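One structure below.
Readers should treat all values here as calculations from the given coordinates under stated rules, not as data from a laboratory. All figures in this text were calculated on a predicted structure; none of them were measured in a lab. Glycine gets a Cβ as well: all are built from the backbone with ideal geometry, and neighbour counts include every protein chain shown.
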Amino acid sequence: MDVQTKAGINHLFILAQAALESGWGERAPGNMFFGVKASKSTPAGKKQLLITSEVFSDARQGYRFPEVLSITRRADGKYLYRVKDWFRKYDTPEESFSDHADFFFANKRYAEALKVKDDPYRFADAIAKAGYATATNYAGTLKAVIRTIEKNV
């Protein structure tokens, strides 16, 4: 059963977020297409330590990560962190897509977003507002990818 049918999340959103988070499938180590972070309860065999970038409003967030590689102040006054952090790892791409949908339903902070899951643009705004990513224009970037996919289907 495909994720849209199972979870009701619009397929354009799912494809766009997978494209954005994996560089159009070029960077999906451990079949990780969505950049879902591992939790403390994630089994060792289902997580991987990867380099990522995060944006915060101050330079005191290093405690959040296993390793901080660099912190750079940006022109807008925010800080770009290059860090190593734990991400989920999957046996298959299908497992990644299914877990991604389950992730939204398992986290209460996405309850409002799920009310608009059938609209890829509103869902992108809602998950960004709920804190899916630290990138400052995450929703805008995601919506641009949705538009690109719409033009090519």
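Couple of notes before you dig in:
- Anchor residue 78: aspartates and glutamates whose Cα lies under 17 Å away (excluding residues fewer than 8 positions away in-chain): 54, 58
- Counting only aspartates and glutamates at least 8 places from residue 46 when in the same chain, those with an alpha carbon closer than 16 Å to its own are 85, 91, 94, 95, 99, 102.
- Restraint check, 47/84; 108/151; 40/84, Cα-Cα greater than 23 Å: 108/151
- Computed over the chain with a Gaussian network model linking Cα atoms closer than 10 Å, the most mobile of 35, 77, 131 is 77.
- Cα shape, region 1-40, gyration tensor, a/c 1.5 rule: oblate
- Read-out Rg and Dmax of the Cα atoms in Å, derived from the coordinates shown; its label in (i) 15.5, 46; (ii) 23.3, 72; (iii) 16.1, 51: (i)
- Distant-in-sequence amide contacts of residue 47, defined by a placed amide H-H separation under 5 Å and a gap of 5 or more residues or a different chain, comprise 89.
- Bridgeable aspartates and glutamates around residue 115 (alpha carbons under 14 Å apart, same-chain partners fewer than 8 residues away excluded): 125.
- Summed residue charge, Cβ within 15 Å of residue 129's Cβ, Lys/Arg positive, Asp/Glu negative: +3
- A full extension of the chain between residue 44 and residue 148 corresponds to an added length of 33.8 nm, given 0.36 nm per residue minus the alpha carbon distance.
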